Amino acid sequence: QCKLGKEYAYDEFYNPTRILTSTVVIHNASLPRLPVKTDKPIPKDLIFPAVEEIARVEMEAPVKMGDIIIENLLNTGINVIATRSL
């Protein structure tokens, strides 16, 4: 009876999306990998191409939490952002 549940079920069936979390290589930092995530849910059918795109990235420290690492990932309007400062 919850309208939000009905909308969620519809979206999950016809257009499922997920927040994507991953890491990228970072140089000159205390850790070798920088954790990142998409700032909005990405369509599930783009998960694997997005992971491949993210895997190509190498960063230089310093990076602040919230910095955009990849802008407009796969022309979706979704950004990949840092989830930790290094």
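The values are calculated or read from the model by the stated rules, or taken from the named source; none is laboratory data. Treat the numbers as computed from the prediction; the structure is a model and nothing was measured. Heads up, the Cβs are rebuilt from the backbone with ideal geometry, glycines too, and the neighbour counts pull from every protein chain shown. Just so you know, the surface numbers come from the protein's heavy atoms only, side chains and all, with ligands and any DNA or RNA stripped out. Shrake-Rupley method; radii C 1.70, N 1.55, O 1.52, S 1.80 Å.
Straight distance only, please: which lysines reach the Cα of Lys44 with their own Cα at less than 17 Å, same-chain residues fewer than 8 apart left out? Of all the lysines, none pass the test against Lys44 - Cα under 17 Å, at least 8 places apart if same chain. Given the alternatives (1) 3, 12, 18, 16, 10, 7, 8, 11, 9, 5, 2, 0; (2) 3, 14, 24, 19, 13, 10, 7, 5, 3, 1, 0; (3) 3, 13, 19, 19, 20, 17, 7, 2, 0, P(r) over Cα pairs in 5 Å bins from 0, in percent as computed for this entry is given by (2). Normalised per residue, the accessible area of the chain is 70 Å², obtained with a 1.4 Å probe and no contribution from ligands, DNA or RNA. For the chain, adding -39500 (n - 2.57) for each run of n ≥ 4 DSSP H residues and dividing by the number of residues yields -7500 deg cm²/dmol at 222 nm. Close amide H partners of Ser85, meaning residues 5 or more places away or on another chain with modelled amide H under 5 Å apart, are Met65.
Work out the charge dipole of the chain with +1 on the Cβ of Lys and Arg and -1 on the Cβ of Asp and Glu about the Cα centre, then indicate which of Leu20, Ala50, Ile78 is farthest towards its positive end. The residue sitting farthest along the positive end of the dipole is Leu20.
Could you tell me how many degrees, from 0 to 90 and to the nearest 10, lie between the Cα long axis of helix 3-14 and the main elongation axis, the longest principal axis, of the Cα atoms of the chain? Taking the Cα atoms of the chain, the angle to 3-14 is about 70 degrees. Length gained on full extension, Ala9 to Asp45: 11.2 nm, using 0.36 nm per residue less the C-alpha separation.
Roughly how many debye, to the nearest 20, is the charge dipole of the chain about its Cα centre, given +1 on each Lys and Arg Cβ, -1 on each Asp and Glu Cβ, and no other charges?
It works out to roughly 300 debye.
The accessible surface of the chain, taken with every protein chain in place and a 1.4 Å probe, is 55 percent carbon and sulfur.
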